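What follows is a set of notes on a single structure, which appears directly below.
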Amino acid sequence: MKTTLLFIRHGQSMANVSGVFAGHLDVSLSELGRKQAEELKEYLLSKYKIDAIYSSDLSRAYETVLPIAMALGLSIQKDSALREIDGGKWEGFSQEEIAARYPQDHAVWRNDIGLARCTGGESMQEVQRRGIAKAARIAKRHPGQTVLLATHAGFLRAMQCYWQKLPLSEMKDIQWVPNASVTEVQYDDGVYELVRLGEASFLKGDVTRLTNI
């Protein structure tokens, strides 16, 4: 029985605005991010019948799906397995500062992100591994239902490789999805079908696609 998984990248965060690497830092949405969350709510209400909502336990993800949860009267199940990559010693610094402090590790991130590891933090392989395990558990818990999962750009970029059967070495050729975008995946007995990726046309002039996470 197919399960529809709707992966949401969080709206624009204060870290996106300031241009710092957030990772596991708990930062809130910007004013624009909150507007994107409201626009996302209206889009989801018009297109899907949502049965359950899960979210990274970081505020920027939780706040993005809070409007739709309130509209539907659904609780949000927080889960740290949906978090962004653990940025280790990079968190709170700009890309330029990271490159200056950790040039070798940052060079891998810049040139071959799928094979990168944040200094003192996670690798993209580890992010993908926990994402695969968590998505499968959630899908099996909700057969035949539509489930919303609020998460992050790096997480989604790694998962896209898995859904499209691409090695992580090709992740460097995959773009970041926009803030507050919808990526729809159908799950059926361990098989994933990517239906739509980074849908954000409903945001109109409010689309933001930043290179930092």
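Residue-by-condition table, conditions (1) under 26 Å from Q186 (Cα atoms); (2) modelled with pLDDT under 95; (3) touching a Gly at 6+ places or on another chain (Cβ under 6 Å):
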| position | (1), (2), (3) |
| --- | --- |
| A107 | no, no, no |
| G120 | no, no, yes |
| V127 | yes, no, no |
| I132 | yes, no, no |
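Which ones in the stretch 4-50 are in a loop (DSSP other than H, G, I, E, B) and either touching a Gly at 6+ places or on another chain (Cβ under 9 Å) or open to solvent by 50 Å² or more (accessible area, probe 1.4 Å) (or both)?
Matches in the stretch 4-50: H10, G11, Q12, F21, A22, G23, H24, L25, D26, S28, S30, K49.
Within the stretch 98-114, work out how many residues are assigned to a loop (DSSP other than H, G, I, E, B) and free of Cβ contacts under 8 Å to residues at least 24 places away in the same chain.
Selection size over the stretch 98-114: 1.
Quick one: in the stretch 75-97, which of the residues that are polar (S, T, N, Q) and not in a helix (DSSP H, G or I) is farthest from G154 (Cα to Cα)?
Within the stretch 75-97, the match that is farthest from G154 (Cα to Cα) is S75.
In the stretch 1-41, which residues are under 23 Å from G88 (Cα atoms) and in contact with a Pro (Cβ under 8 Å, 6 or more places away or on another chain)?
Within the stretch 1-41, R9 is the sole residue that qualifies.
If you check E91 against the conditions, is it over 22 Å from R137 (Cβ atoms), open to solvent by 30 Å² or more (accessible area, probe 1.4 Å) and in contact (Cβ under 8 Å) with a residue 60 or more places away in the chain? Steps first, please.
Values: over 22 Å from R137 (Cβ atoms): yes; open to solvent by 30 Å² or more (accessible area, probe 1.4 Å): yes; in contact (Cβ under 8 Å) with a residue 60 or more places away in the chain: yes.
Answer is yes for this residue.
The values are calculated or read from the model by the stated rules, or taken from the named source; none is laboratory data. Bear in mind that the values here come from a model prediction, so they are computed numbers and not experimental data. Virtual Cβ from ideal backbone geometry, glycine too; neighbours counted across all protein chains shown. For the accessible areas, the whole protein counts, side chains as well, though only heavy atoms, and no ligand, DNA or RNA atoms are used. Shrake-Rupley method; radii C 1.70, N 1.55, O 1.52, S 1.80 Å.
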